[in-house]
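The values are calculated or read from the model by the stated rules, or taken from the named source; none is laboratory data. On a predicted model such as this, the values are computed, not experimentally measured, just so you know. Heads up, the Cβs are rebuilt from the backbone with ideal geometry, glycines too, and the neighbour counts pull from every protein chain shown. For accessibility, only protein heavy atoms count, side chains too; no ligands or nucleic acids. Shrake-Rupley method; radii C 1.70, N 1.55, O 1.52, S 1.80 Å.
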Amino acid sequence: MAEFSQKQRKQRDSEGLSSVVDFLLANARLVLGVGGAAVLGIATLAVKRLIDRATSPRDEDDTKEDSWKELSLLRATSHQQPQPPPAALSQPISLVSPSPSAPVEPTPTPSQTTPTPQPGSLAPLCLTFQEKLLAFERKHVIIPEAHVALVKQLAGDIALELQAYLKSKFPELPFGALVPGGPLYDGLPAGAAEHVRLLAPLELEPGLWSLVPGMDTVAREPRCWAVRRTQLEFHPRGRSPWDRFLVGGYLSSRVLLELLRKALAASVNWPAIGSLLGCLIRPNVASEELLLAVQHECVEFTLAVLMVVPGASTDDRLLLAWPLEGLAANLWLQDLYPVEAACLRALDDQDAGTRRRLLLLLCGVCRCHPALVRLGRSHLTQVVLHLGEEEVAWTEEALGDRFLQALEFLVCSLEQASLPCHFNPSVNLLGSFREEEIDDIGYMLYSGLQVPESLL
């Protein structure tokens, strides 16, 4: 009976305490808002639990249940984001009317209680994709004019030194003047990683050589050409200094590449030349191309030495000695860069368009992602040329739309594993890609179409 009376007494005390807590919480919700009331309620509940545990023993199950509820309440409150209360409820309620003689302080409004933002803590701006694309262009694509001038100066000096070396090392081989060129000289550099082209033309005797299309050879390569030796009955082998590089009656690009690669790697005194020019020059022996890595205290770039066979006087075609495989190993690859650059320039001049800027952005994005490095300038140029003749806006304001359109075109081309050359549709520029490479590039571009900002 005494235990029953004690329980009733505790129940009445608990109900009285609960009434006081409810009253405090009701007014606290008005004064402090929802978030403040929640914190005050947790504190009041904790005090009540301490009083109850100190005055009476608890069952183990009740203790576990209350502890779990309190932990859940604490977790829910910690994850709750504080929200500003409505203006009408954020004002404190006075329970006792103030005395007429007591001064009444003004009630601060929400605008008065808001902390003044500091000059250094500005809110982050929500940029559009167009603005992010232009920011990427400024950071990763545009090269300072001083660096461009320095690269041109170094490339010209290296060309003169290499010209003198070829004349002394191979005096019997008539090389033309070595001329640096490429995107950097045409106003089309896509970042600091752009190669500088150093053309080394072969001066072939007129009347002793003819160009044969690659489709007319056993290799059946539409983009390649064969350089055939002619007039052998009147000018037998040995009359031309280039006859020593003949393979099956054709001038072999592979044999010439091997000759010049060995010379650049072992015979040229690059440390002395670099010390004279104030830079470090090292041949890239791991590459099948003839590449020179140039390091200056201000800039770094790669110089690509390209042996070329010029076309006829009425033809601006250039044939490159390029590392090819299989039956095409001795053929010469047609250089599409000059005609591509000229075509893009002509299209932009017609409507003051941004096709060349789009090309540079695509090149910059592909170089920033390892999965897209396989897409070279030639592939991306062909994409822009295919889109460049469409009747769409090519203004700067539409640059973001044209960028996404180029990505869609690339994805469709990869799905079909076909990117026809703009100047020769029989040439598939994706023909040398492996299936795994196409899958990796296609997945990366498709993901970029869903979230374009992830590519920048």
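Over the Cα atoms of region 262-350, each weighted equally, I'd like the Debye log10 I(q)/I(0) at q = 0.15, 0.17 Å⁻¹, rounded to two decimals. Per q value, in the given order, log10 I(q)/I(0) is -0.81, -0.92.
A simple count of charges around A304, restricted to other residues whose Cβ falls under 13 Å of its Cβ and scoring Lys, Arg +1 and Asp, Glu -1, yields -1.
Applied to region 388-403, the Karplus parametrisation 6.51 cos²θ - 1.76 cosθ + 1.60 on θ = phi - 60° returns per-residue 3J(HN,Hα) values of x, 8, 6, 7, 10, 6, 10, 7, 5, 5, 9, 5, x, 5, 5, 5 Hz, with x for Gly and Pro. Listed peptides 235-241, 381-387 appear in the order 381-387, 235-241 once ranked by packing, highest mean of other Cβ atoms within 10 Å at the front. Its Cα gyration tensor gives region 410-451 an equivalent ellipsoid. The semi-axes, each the square root of 5 times an eigenvalue, are 21, 12, 6 Å from largest down. Annotation for region 196-275: chymotrypsin sites (Phe, Trp or Tyr not before Pro) lying in DSSP loop with at most 11 further Cβ atoms inside 10 Å of their Cβ are F234.
Positive end of the charge dipole of region 279-333 (Lys, Arg +1 and Asp, Glu -1 on Cβ, about the Cα centre): tell me which of H296, N330, L280 has its Cα farthest that way. Working it through, the farthest residue towards the positive pole turns out to be N330.
Can you figure out the FRET efficiency of R345 with R239, using R₀ = 30 Å and their beta-carbon distance, to the nearest 0.05?
The calculated FRET efficiency here is 0.10.
The order of the peptides 293-300, 361-368 by mean Cβ neighbours within 10 Å, most packed first, is 361-368, 293-300. The string of couplings for region 411-421 from the Karplus curve (6.51, -1.76, 1.60, θ = phi - 60°) is 4, 5, 5, 5, 4, 8, 6, 8, 10, x, 5 Hz, one whole number per residue in order, with x for Gly and Pro.
Over all projection directions, the Cα-based convex hull of region 300-456 averages an area of 11.2 nm². For the pair E172 and T395 in one chain, pulling the backbone fully straight at 0.36 nm per residue adds 75.0 nm over the alpha carbon distance. The accessible area of E390, taken with all protein chains in place and a 1.4 Å probe, comes to roughly 80 Å². Taking amide H as placed 1.01 Å from N in the peptide plane, V179 has its amide H under 5 Å from the amide H of L199, each at least 5 places away in sequence or on another chain. In this structure D316 has an accessible area near 130 Å², from a 1.4 Å probe over the protein heavy atoms.
Taking amide hydrogens as placed 1.01 Å from N in the peptide plane, the amide H of L318 sits under 5 Å from those of D335, each at least 5 positions away in sequence or on another chain. Charge dipole of region 277-393 (Cα centre as origin; +1 on each Lys and Arg Cβ, -1 on each Asp and Glu Cβ, all else neutral): 340 debye, rounded to the nearest 20. Once you reduce region 160-238 and region 257-304 to the center of their Cα atoms, the two points are 20 Å from each other. Computed about the Cα centre, the dipole magnitude for region 156-278 is approximately 380 debye when only Lys and Arg (+1) and Asp and Glu (-1) carry charge, each at its Cβ.
Here the 3J(HN,Hα) profile of region 333-342, calculated from phi with Karplus coefficients 6.51, -1.76 and 1.60 at θ = phi - 60°, is 8, 6, 7, 8, 4, x, 6, 5, 5, 5 Hz, Gly and Pro shown as x.
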